[in-house]
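Colleague: I have a structure I would like to understand better, so I am pasting it below and will then ask my questions one at a time.
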Amino acid sequence: MILQFGILFAFLAAGELVVWLTGIPVPSSIIGMILLTVSLKAGLVKPAKIERLADFLVRNLGFFFVPAGVGLMNCLGIIADQWLPIVGASVGSTVVIIAVTGWTHRLVRKSVSRKKIVKQELQKA
């Protein structure tokens, strides 16, 4: 389990390094997770190396939202004053996310379908 934490923290540190070197305005944790995803896809890191830790973190995901919930409770006055823009932004962003996800899914499905057709035609020839 310690090795799994080490791998995860190594990618977090790599994300920190990328942000520090480039100055890009993206959270280092996001960069680290992108690097981990690329490494998993490329076969540099085997899923079995981090599977136990990943399963543990996903099973306990709700626990990690407790600090954010407590922080939110400290800001109830601000939320009460600004509830309409908050709800509007939440609804608007949800609609945009659903639309973009559907559009992306459609493009991927169309691309995969074309690849299958081309592959089948190449096999016939």
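Colleague: Quick check: from the Cα gyration tensor, does the stretch 14-76 come out rounded (a/c under 1.5), prolate or oblate?
Modeller: Working: a/c = 4.15, a/b = 1.29, b/c = 3.22.
It is oblate, given that a/c is not under 1.5 and a/b is not larger than b/c.
Colleague: A further question on this structure: Return the calculated 222 nm mean residue ellipticity for the chain, to the nearest 500 deg cm²/dmol, obtained by summing -39500 (n - 2.57) across DSSP H runs with n ≥ 4 and dividing by the residue count. Before the final figure, lay out the partial values.
Modeller: On the way: 6 runs with 105 residues, N = 125.
Rounded to the nearest 500, the figure is -28500 deg cm²/dmol.
Colleague: Starting at 0 and stepping by 10 Å, how many percent of the alpha carbon pairs of the stretch 30-125 end up in each bin?
Modeller: Pairs per bin, as whole percents: 12, 17, 29, 26, 11, 4, 1.
Colleague: Further question on the same structure: Rounded to whole Å, give me the distance from the Cα center of the stretch 78-125 to that of the stretch 14-41.
Modeller: With the stretch 78-125 and the stretch 14-41 each reduced to a Cα centre, they are spaced 24 Å.
Colleague: Going down the table (49/119; 41/116; 41/110), which pairs top 29 Å between alpha carbons? Show your work: numbers first, answer last.
Modeller: Details: 49/119 34 Å; 41/116 21 Å; 41/110 22 Å.
Exceeds cut-off: 49/119.
Here, each number is a calculation from the coordinates, and none is a lab measurement. All values derive from a computational prediction rather than experimental measurement.
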